[in-house]
Amino acid sequence: MPAACESVLEDIEDIVSAQDLKPHERQSVRKNVFPKVRKRSSHKNIQTDDDPPSDSIIPGAQKIWIRTWGCSHNNSDGEYMAGQLAAYGYKITENSAEADLWLLNSCTVKNPAEDHFRNSIKKAQEGNKKVVLAGCVPQAQPRQDYLKGLSIIGVQQIDRVVEVVEETIKGHSVRLLGQKKDNGKRLGGARLDLPKIRKNPLIEIISINTGCLNACTYCKTKHARGDLASYPIEELVDRAKQSFQEGVCEIWLTSEDTGAYGRDIGTDLPTLLWKLVEAIPEGAMLRLGMTNPPYILEHLEEMAKILNHPRVYAFLHIPVQSASDSVLMDMKREYCVADFKQVVDFLKEKVPGITIATDIICGFPGETDEDFQETMKLVDQYRFPSLFINQFYPRPGTPAAKMHQVPAAVKKQRTKDLSQLFHSYNPYDHKVGERQRVLVTEESFDSHYYVAHNRFYEQVLVPKDPLLMGKMVEVNIYEAGKHFMKGQPVSDARVYVASITRPLAKGEVSGLTEEFRPAPQNGSHWRAHPSAPIPGKTPGASRTALQLLWPQEGLKMLSVSLAVLAALVTFYYGRM
């Protein structure tokens, strides 16, 4: 699809100057714009010079479809972009066919994910859709042929998505790929208090840092997310508190490596977690994200205490990738198998029942049959209830892509063998008959059950009773499968509710801070109102609205303003 303008603008600053209004400033001044009064033409079919052309484009009035691939960090970015666009007036739609613009938020971890991304771009072009690209693929390799002429917003620039979308709708091709810095120091990314639309109104995904300290030879994400950059503890705690005030009952902490949090700003993960635990209300839970073995080893004692806290899931995702030290060395993973075992053994002893999830890469370059058998033994020893098995894909531009590759047939067979081992055991059979407390947060894929999680973040399916959603209830486990248990609620048990606040509706904008709202003036006060339109916003952009309560002084000011307006109108018509 050819770009509507010939030149590709490498940065949004090429078309938006420092003097131009920012999105939230445009938002607040909309209510001060008055239409120009002009004489009607006596000829109905004649268009006057003041009429807009029939093909005029007004940014903010279009429908946008957003598709996100990849990790929870990427999903969080997608939620933030959706929230800002909706707050500005765009309609976020789940129907790709009716959308005017597609915002495609990509993942670069595996070849199949990038293939889906590339195919979606082609489909959008065939449907004459405007396209904005986001995520790790265009950030890491913005000059790939299939990205030419398309607008790109970088992973650290998502707070400017409205500007990029606006210019794309106008026909410009814009690329904004810079890093966020403060006095030369790289920041964690866009602000955490931006508007967002949660995919699940009950779950808040908080990115605690971006990037990592490793240089794994197979990883393409490092090219996009860069080195470690952490958010301050105060900002993360404030975001969590705000989420609970909006009816959230579960928080996921995410990043490329949560264990490395704070090393760039003079703090650490346990310090952050203890602060967050103080903000979690009864009936709500906190889930930790993925951490690599090297950065959790020195915090094992504190991490065990935190994982034993009643409002923190006893769950940790620790990727091992291989049980061969020689393979780990080629991967540049910066730990050995003994380190991984030390972490797992310690946590299993100190946090009884803890769920340890891990990742395995099958067929990494140079992996021998003996190396692979070591991995099989590790899985057989620990019988991980959650195991992510990945056949190795060489990612362009990574050192591993240049290494001697394992034959495709061998990689496929090893992946099959490991999968068969994983499915040979049932981790939850011994839990049938137990009474467990679970938090209900979503609907199952087949829509037959609600999905809950117990203290160990094990999936428990419960009856589809709307009264259970968002609540912590007790259930009796009566059935177990490979990946789930089924529970029947106990009728006489206490039900815990994390917040007295009603959760936001699906598609409702969260986190509308004051700069995205009209400012109170002349001593007036604002309050939430469920049905009135937000001043300056397109109706339907958000169900949260504001109603002005006028004190006596405000009424006087309103009267004076109306009198002045009437005089101006009279003067205007007197000159015509």
| said: With the structure loaded, tell me whether K199 is basic (K, R), modelled with pLDDT of 90 or more, within 22 Å of W69 (Cα to Cα) and assigned by the TED database to the domain that holds A124 or whether it fails that test. | reply: no
| said: Looking at (1) in contact with a strand residue (DSSP E or B) (Cβ under 9 Å, 6 or more places away or on another chain); (2) in a helix (DSSP H, G or I); (3) closer than 23 Å to V137 by Cα, which one does H223 not meet, given that it meets all the others? | reply: (1)
| Residues being at pLDDT 95 or above and either open to solvent by 10 Å² or more (accessible area, probe 1.4 Å) or of a type in the set (D, E, K, R) (or both) - total across the range 247-262 | 2
| message | Condition first: part of a helix (DSSP H, G or I) and in contact with a helix residue (DSSP H, G or I) (Cβ under 8 Å, 6 or more places away or on another chain). Now tell me which residues in the range 342-374 satisfy that. | response | Q342, V343, V344, F346, L347, K350, D371, F372, E374
| query | Inside the range 393-428, can you point out the residues that are more than 34 Å from the chain's Cα centre (by Cα) and of a type outside the set (S, T, N, Q)? | reply | H404, V406, P407, A409, V410
| Could you list, in sequence order, the residues of the range 178-190 that are out of contact with any Lys or Arg (no Cβ under 9 Å at 6 or more places or on another chain) and touching a residue at least 40 places away in the same chain (Cβ under 8 Å)? | G178
| task | Only residues that are β-branched (V, I, T), more than 13 Å from E302 (Cβ to Cβ) and assigned to a loop (DSSP other than H, G, I, E, B): list them for the range 251-281, please. | result | I265, I280
| Which condition breaks for Q373 when tested against (1) at pLDDT below 95; (2) closer than 21 Å to V344 by Cβ? | (1)
| Which members of the range 437-455 meet the condition of being acidic (D, E) and either open to solvent by less than 70 Å² (accessible area, probe 1.4 Å) or in a loop (DSSP other than H, G, I, E, B) (or both)? | E442, D446
| field | Candidate set from the range 94-153 (those that are of a type in the set (A, V, I, L, M) and under 12 Å from G70 (Cβ atoms)); member that is most open to solvent (accessible area, probe 1.4 Å) | value | V109
| task | Could you run through the range 462-485 and say how many residues are part of a strand (DSSP E or B) and open to solvent by less than 30 Å² (accessible area, probe 1.4 Å)? | result | 7
| Taking into account only those residues within the range 341-366 that are acidic (D, E) and out of contact with any Pro (no Cβ under 9 Å at 6 or more places or on another chain), which is least open to solvent (accessible area, probe 1.4 Å)? | D345
| Which pairs have Cβ atoms under 6 Å, sit 6 or more apart or on different chains, and link a residue in the range 410-437 that is among the hydrophobic types (A, V, I, L, M, F, W, C) to one that is at pLDDT below 95? | none
| Does the range 323-340 contain any residue that is part of a helix (DSSP H, G or I), within 17 Å of Y382 (Cβ to Cβ), touching a residue at least 24 places away in the same chain (Cβ under 8 Å) and open to solvent by 10 Å² or more (accessible area, probe 1.4 Å)? | yes
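The values are calculated or read from the model by the stated rules, or taken from the named source; none is laboratory data. Fair warning: this is a prediction, and the values are worked out from it, not measured in the lab. Using ideal geometry, Cβ is built from the backbone for each residue, glycine included, and neighbour counts are taken over all protein chains shown. To get the accessible areas, we keep the full protein, side chains included, count just its heavy atoms, and leave off ligands, DNA and RNA. Shrake-Rupley method; radii C 1.70, N 1.55, O 1.52, S 1.80 Å.
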